[in-house]
Amino acid sequence: MSSSTQSFSRSYFLSSVVKKQIMAVTGLLLCGFLLGHLAGNLLIIISPDAFNQYGHALVSNKPLLYTAEAGLIVLFLVHLCMAAKLTVENNTARPQKYYIKQKTGRGATFASSTMPYTGLIILIFLITHLNSFKYGTIYMTTIDGVEMRDLYRTVMEFFAQPLGAAWYAFAMIAMAIHVSHGFWSAFQSFGFSHSKYTPLLRKAGIAYAILVGAGFTALALYGYIQGVQA
Amino acid sequence: MSDTNTMTLNLKIWRQASTKDKGQIVDYVLEGVSPDMSFLEMIDMLNEQLVAKNDDPIAFDHDCREGICGMCSLMINGQAHGPEKATTTCQLHMRSFKDGDTIAIEPWRARAFPVLKDLMVDRSAFDKIIEAGGFVNVNTGNAQDANSILIPKENADLAMDAAACIGCGACVASCKNASAMLFVSAKISQLALLPQGEVEADQRALSMVEKMDELGFGNCTNEAECEASCPKDISISNIARMNRGFLKAAVSAKTK
Ligand code: FES
């Protein structure tokens, strides 16, 4: 066995196994963020004030806000760049494509075979999402004597447009499909495999995907219906 | 061969004169194919006709024709070793097809498996991976008394399952990323699970994965098409074992 420990340490982060593990850890952490984000957003349904106060609390704690934002940017960029690198490498691993390629129906799923595409939809969504909300129209409101941003109004105005709500829902469904494969896949990449728990984990991944997919889509629908009624 | 059960097939076969040649799909019509023939016998039949016409016969890999050597290959209608589960091409029979079917036959395609001629590919990349560490290098001494080395039944079974890999390359061929992880993980697992192989398990995982990457195989995306196409039903739980073994080896590298 020729490889010395020294030559290995250099190639460690470039090995196929570790590249996948980097995808896994960043992906799982982003999954955690998604859940927190959804929980916060659901305050929209509770009351406009609750949502605005929550948003205000988040942006008021500057050190926490900047740390969290920096962390998210790093996670997202690492996940994205690694995905791009892996996709390019995987394409070059088969320079000549098959004349006919047919799935066995016993392995790949719709979700697993569309990861780069759903990932791309999420990327585009993320840019438009920050643009319409975080950097969207700023309204102000005063709750309990404190002046703060009326993010609720910005959000509801966005969802009131059929195209806005539809694009949001579409992207969230793509996101759900993406995580339905990614969640389980992350554990496999780290080598977690168990005859009893792995099937459970796959189900948990689907349940998680349905939860975030349905949760965010419900918000868009709620906003749209509110808009129509207003 | 005038049996009423015989079939006429429309074959679309990849012909390529050499590694450098561009290659193309060529159409053949083959009559009188018996459902009892194996897939390779069907190609033999076509080749006899080609030779009789002074044409170049189709080159394809085969050896044992009983599903144990791993020499046969072929993408049949876009599936490695054809449509049947856990079946090598040599064990696939024409009864899996019907009269009038169109069958596309292509070689394995991967950067690491260059086409030599027609349907034959060079799979020596797999040998290079084995050379990098797929063996036991420690002196295990004379044969021990039976039962003096205790091996849990589960480990023996898992090692045996991994050792069923015949190294045909269907995992690489069927993977959309042309990844060799199923093969490599089976070869790592069959040794790592047993006491004699366990000694070098860490270094073996590092060396074999390094070689696999160097040879230009793709990265696994956990789709399990390899497992689904494997004629020996090798499980992707071997890939998980390799992933954690590699991580463990990497963080516990033995240095002073
Ligand atoms: S020819 Fe030996 S396995 Fe098919």
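Before moving on, here are some points about what is shown:
- Subset tally (residues that are within 19 Å of A:Phe110 (Cβ to Cβ) and either surrounded by fewer than 23 Cβ atoms within 10 Å (Cβ to Cβ) or away from the ligand (no atom under 16 Å from the Cβ) (or both)) for region B:213-251: 10
- Identity of the residue in region A:69-104, touching a helix residue (DSSP H, G or I) at 6+ places or on another chain (Cβ under 8 Å) and within 11 Å of another protein chain (Cβ to nearest Cβ), that ends up surrounded by the most Cβ atoms within 10 Å (Cβ to Cβ): A:Leu86
- Checking each residue in region B:45-66 for being exposed (fewer than 11 other Cβ atoms within 10 Å of the Cβ) and either within 16 Å of the ligand (Cβ to nearest atom) or among the aromatic types (Phe, Trp, Tyr) (or both) picks out only B:Glu66.
- Residue under evaluation B:Thr87, criteria (1) more than 16 Å from the ligand (Cβ to nearest atom); (2) polar (S, T, N, Q); (3) not in a helix (DSSP H, G or I), criterion not met: (1)
- Wholly enclosed helices (runs of 4 or more DSSP H) of region A:112-219 bearing at least 1 residues open to solvent by 60 Å² or more (accessible area, probe 1.4 Å) and within 14 Å of chain B (Cβ to nearest Cβ): A:115-132, A:162-190
- Odd one out for B:Phe135, checked against (1) in a loop (DSSP other than H, G, I, E, B); (2) within 10 Å of another protein chain (Cβ to nearest Cβ); (3) hydrophobic (A, V, I, L, M, F, W, C); (4) surrounded by 19 or more Cβ atoms within 10 Å (Cβ to Cβ): (4)
- Within the span defined as region B:36-44, one or more residues are closer than 22 Å to B:Ala17 by Cβ, of a type in the set (A, V, I, L, M, F, W, C) and modelled with pLDDT of 95 or more.
- Taking the criterion of being in a helix (DSSP H, G or I) and among the polar types (S, T, N, Q), the residues of region A:58-110 that qualify are A:Ser60, A:Thr67, A:Thr87, A:Asn90, A:Asn91, A:Thr92.
- Residue within region B:184-195 that is more than 21 Å from the chain's Cα centre (by Cα), within 7 Å of chain A (Cβ to nearest Cβ) and more than 18 Å from A:Glu89 (Cα to Cα) present: no
- Hits in region B:148-170 (condition: touching a residue at least 40 places away in the same chain (Cβ under 8 Å), open to solvent by 40 Å² or more (accessible area, probe 1.4 Å) and either within 14 Å of chain A (Cβ to nearest Cβ) or within 16 Å of the ligand (Cβ to nearest atom) (or both)): B:Asp161
The values are calculated or read from the model by the stated rules, or taken from the named source; none is laboratory data. Here the structure is a predicted model, which is why all the values come from computation and not from measurement. All Cβ positions, even for glycine, are placed from backbone atoms using ideal geometry, and neighbour counts span all protein chains on display. Surface accessibility is based on the protein's heavy atoms, side chains included, excluding ligands, DNA and RNA. Shrake-Rupley method; radii C 1.70, N 1.55, O 1.52, S 1.80 Å.
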